[in-house]
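Following: one structure in structure tokens, then a few remarks.
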Amino acid sequence: MKTVILAGGFGTRISEESYLRPKPMIEIGDKPILWHIMKSYSHYGFNDFVICLGYKAHMIKEFFSDYYLHTSDVTFDLCNNTMEIHNNNAEPWKVTLVDTGLNTMTGGRVKRIQRYIGNEPFMLTYGDGVSDVNIAELVKFHKDHGKLGTMTAVNVGQRFGVLEMDDNKITAFREKSDDDGSMINAGFMVLEPKIFDLIEGDSTIFEKAPLMGLSDMGELMAYKHDGFWQCMDTQRDKQKLEELWAGGSAPWKRW
């Protein structure tokens with residue numbers, strides 16, 4: 001099963017960093033948050049990634065193109081124009097990088113990678129959030145309920161728009177209130193290929209018509225996660241993640 005990661009946005013809320021590089025390339029420790037997300041999936045044996053690019057796409061392409069240089073010792077023989085890699089620390093990943101457009105909305109980005117997915121279920125998440133969610137259990141939950149979509153839901157207070165749920169079935173989306181403790185969309189989704197039929201084009205926001213359409217059809221289920229989840233939306237979020245990583249207590253680190 002392939003994992004699709006949305007990594008094309010402008011990251012305007014963390015502009016202190018994102019004016020230099022795309023948000024998924026902002027580092028926790030000495031590795032981009034995108035790498036941390038991929039390591040989480042890889043821990044459960046999911047190593048085939050499709051990454052939706054947009055803003056400063058070349059920087060993400062260059063990171064993977066030069067991955068050996070980032071993770072290994074290297075000897076360059078300039079006279080003979082050769083390069084020798086030492087202590088190869090490459091990951092068992094297949095990474096497809098797709099330029100999905102600079103101003104394309106999230107739904108449009110998903111639509112543009114359809115040909116790389118084919119007629120198979122796939123996973124989808126955002127390139128700015130880490131979690132200790134058990135991916136294997138998430139996939140099993142999706143297969144067991146037989147619906148078209150599964151979304152990981154977490155409770156983080158009142159910062160985000162929230163989900164209305166009847167047991168595990170998502171029935172509606174609404175704006176948060178100041179004292180709201182309802183669950184929110186944390187990404188880490190599993191989707192059937194039918195979802196592509198609900199996306200009109202580049203201007204489609206994935207969290208609007210496609211997900212709401214699944215909800216209206218009774219085809220969107222919530223995988224409730226009570227553990228750790230944190231997006232990197234602001235500089236304060238980044239600092240929190242950095243402190244967890246530096247202190248050796250990062251909950252998302254399973255490797």
Assess whether PHE10 counts as being touching a helix residue (DSSP H, G or I) at 6+ places or on another chain (Cβ under 8 Å), aromatic (Phe, Trp, Tyr) and under 22 Å from PHE188 (Cα atoms).
yes
Could you tell me how many of the residues in the stretch 190-242 are loosely packed, with under 14 Cβ neighbours inside 10 Å, of a type outside the set (A, V, I, L, M, F, W, C), out of contact with any helix residue (DSSP H, G or I) (no Cβ under 8 Å at 6 or more places or on another chain) and assigned to a loop (DSSP other than H, G, I, E, B)?
3
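Kindly provide the set of residues from the stretch 14-48 that are among the aliphatic types (A, V, I, L, M), in a helix (DSSP H, G or I) and either buried (at least 20 other Cβ atoms within 10 Å of the Cβ) or on the phi > 0 side of the Ramachandran plot (or both), ordered by number. Talk me through it step by step, then tell me what you get.
Looking only at the stretch 14-48, we keep the residues that are among the aliphatic types (A, V, I, L, M), and these are 14, 20, 25-26, 28, 33-34, 37-38.
Okay, now just the ones that are also in a helix (DSSP H, G or I), so 14, 25, 33-34, 37-38.
Passing the criteria: MET25, ILE33, LEU34, ILE37, MET38.
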Please verify whether LEU78 is modelled with pLDDT of 90 or more, among the aliphatic types (A, V, I, L, M) and more than 18 Å from the chain's Cα centre (by Cα), treating the condition exactly as stated.
yes
The lone condition GLU16 fails out of (1) over 30 Å from ASP202 (Cα atoms); (2) of a type outside the set (A, V, I, L, M); (3) modelled with pLDDT under 95 is (1)
Subset of the stretch 73-102, residues more than 23 Å from LYS2 (Cβ to Cβ), among the polar types (S, T, N, Q) and surrounded by 10 or more Cβ atoms within 10 Å (Cβ to Cβ), comes to ASN89
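Please return the ranges of strands (runs of 3 or more DSSP E) entirely within the stretch 72-116 where 2 or more residues are within 30 Å of LEU211 (Cβ to Cβ).
94-99
Every residue, every condition in (1) among the small types (Gly, Ala, Ser); (2) under 19 Å from the mean Cα position of the chain (by Cα); (3) buried (at least 18 other Cβ atoms within 10 Å of the Cβ); (4) modelled with pLDDT of 85 or more, yes or no:
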position	(1), (2), (3), (4)
GLY129	yes, yes, yes, yes
ILE135	no, yes, yes, yes
ASP144	no, no, no, yes
LYS169	no, no, no, yes
ILE51 vs. criteria in contact (Cβ under 8 Å) with a residue 60 or more places away in the chain and crowded, with 22+ Cβ neighbours inside 10 Å
yes
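The values are calculated or read from the model by the stated rules, or taken from the named source; none is laboratory data. Since we're looking at a predicted model, the values are computed, not measured. Note that we place each Cβ from the backbone using ideal geometry, even for glycine, and neighbour counts take in every protein chain shown.
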